[in-house]
Amino acid sequence: MRKVLLTGDRPSGQLHLGHYVGSLKSRLALQDSGDYDCFILIADVQALTDNFKNPQKVRDNVLEVALDYLAVGLDPARTTLAIQSLVRALPELTVYYLNLVTLARLERNPTVKSEIDQKGFGASIPAGFLCYPVSQAADITFCKANVVPVGADQRPMLEQTREIVRTFNSIYGEVLVEPEALVPEGESESRLPGTTGNDTKMSKSLGNAIYLADDADTLRAKVRQMYTDPTHLKVNDPGHVEGNTVFTYLDVFATDKAAVADLKEHYRRGGLGDVKVKDYLFEVLNAELEPIRSRRADLARDLGYVLDILAQGSEYANQVADGTLAEVRSAMRIDYFKDGAA
Ligand code: TRP
């Protein structure tokens, strides 16, 4: 049997370079390997758990994320792209799984804990937010995913899903499949810094992100403003390459490693200005982003096509999920009318 792969994103903003190096590139490689049945969920229901007062933002970003996916080369012929809220079995599975986790276990999830701190919920934590890892277990199990490529911050979700699967199977019988997390190994793959310095992760909320959709002028301006070496005041001063975000990016994106080694050597010695290095980085990034940007612009002129892909992908995911739901209901002894009448 072919293995099943599922992953997803919350549509709370456009995708940026951090997503590109951290997850999109590896998804493309996994898709192109041909080894998996691939599903990618645009997790609008999950995005609503912390944006429930902002439905339009979530709605708009469903389309933005879909455009980003297609622009980087995710191929609907090989990867099912689905909108979470259109997979109708998911909330039902979530309700059954909620019996299999304790409140204490939910409160211990380290990723949810740090998000709660960040978002300043204080004592007013929405129940839906605390429970989103359970709904994520439904996402992962509806298609019996074997592998889930995610960033390191998602490991606790996979752990929780695995526990739910084990508990479900031990009570009701072997129906669900225990998934494995596929987490990138290298630091550069898992965490691209933002433009403001190596200590901060690229993120929309920090305002330090370069988006896949940014035009060339915006890209140039963002690169020109990138954090470099605060001690490199005059061109002739010796400069530091470590901790210098421009060089961190060159290490990640530049293919001509010898040219980068020369730039580093010159920068350390003194006599190489920041603007020169930044202009080189701009060329490197622009070469990578230009084809993505132009495909994205073409797709944005044909939204009907993009919506069709989402409708078809969601319908297929829906069918697969209904199959799993029927097995779950039968295992749980709530399959009263076998013909599916209720
Ligand atoms: N929680 C993930 C994130 O914040 C998004 C997500 C939703 C997801 N459902 C998923 C990831 C299922 C993997 C599998 O990025």
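The values are calculated or read from the model by the stated rules, or taken from the named source; none is laboratory data. Keep in mind the model is a prediction, meaning the values are calculated, not measured. Here the Cβ positions follow ideal geometry from the backbone for every residue, glycine too, while neighbour counts run over all protein chains shown. Note: accessible area is taken over every heavy atom of the protein model, side chains too, but ligands, DNA and RNA are not part of it. Shrake-Rupley method; radii C 1.70, N 1.55, O 1.52, S 1.80 Å.
List of remarks:
- Accessible area of the chain belonging to carbon and sulfur atoms, whole % at 1.4 Å probe: 53
- Cβ-Cβ FRET estimate between PHE121 and ASN236, R0 fixed at 51 Å, reported to 0.05: 0.50
- Radius of gyration (Cα atoms) of segment 181-256, expressed as a multiple of 2.2 N^0.38 Å: 1.19.
- Accessible surface computed residue by residue for the chain, with neighbouring protein chains in place and a 1.4 Å probe, gives 48 Å² per residue.
- Among ASP322, ASP262, ASP153, the largest mean-square fluctuation in a Gaussian network model of the chain (Cα springs under 10 Å) belongs to ASP262.
- Long pairs among LYS204/LYS276; LYS25/LYS53; LYS234/LYS257; LYS25/LYS204, criterion Cα-Cα beyond 30 Å: LYS25/LYS53
- Per-pair calculated FRET efficiency, R0 = 22 Å: ASN286 and ALA259 via Cβ, rounded to 0.05: 0.90
- Relative contact order (%) - criterion: Cα under 8 Å, at least six apart; region: the chain: 22
- A convex hull fitted to the Cα coordinates of segment 78-141 yields 114 cubic angstrom per residue.
- Rounded, prolate or oblate (a/c below 1.5 giving rounded, otherwise prolate when a/b exceeds b/c) for the chain by Cα gyration tensor: prolate
- Straight-line cross-link reach from LYS144 at under 17 Å between alpha-carbon atoms covers these lysines, not counting any fewer than eight positions away in the same chain: LYS3.
- Largest GNM mean-square fluctuation across ALA259, ALA82, ALA181, computed for the chain with C-alpha springs under 10 Å, falls on ALA259.
- Each eigenvalue of the Cα gyration tensor of segment 1-155, multiplied by 5 and square-rooted, gives one semi-axis; in descending order these are 26, 19, 15 Å.
- Helix runs (DSSP H) in the chain reaching 24 Å along axis by Cα, Kyte-Doolittle at least 0.0: 55-72, 303-331
- Backbone amide hydrogens, once placed in the peptide plane, bring LYS201 within less than 5 Å of GLY194, excluding anything fewer than 5 places away on its chain.
- Relative intensity, log₁₀ I(q)/I(0), of segment 1-85 from a Debye sum that treats every alpha carbon as a point, q = 0.19, 0.22 Å⁻¹: -0.81, -1.03
- Exposure ranking of MET332, MET157 by accessible area [1.4 Å probe, largest first]: MET332, MET157
- Ordered by solvent-accessible area of protein heavy atoms (1.4 Å probe), largest first, the residues TYR267, TYR305 come out as TYR305, TYR267.
- Mean separation of Cα contacts under 8 Å (6+ apart) over length of segment 98-173, as relative contact order %: 41
- Globularity index of segment 231-342 is 2.05 (Cα radius of gyration / 2.2 N^0.38 Å, N = number of residues).
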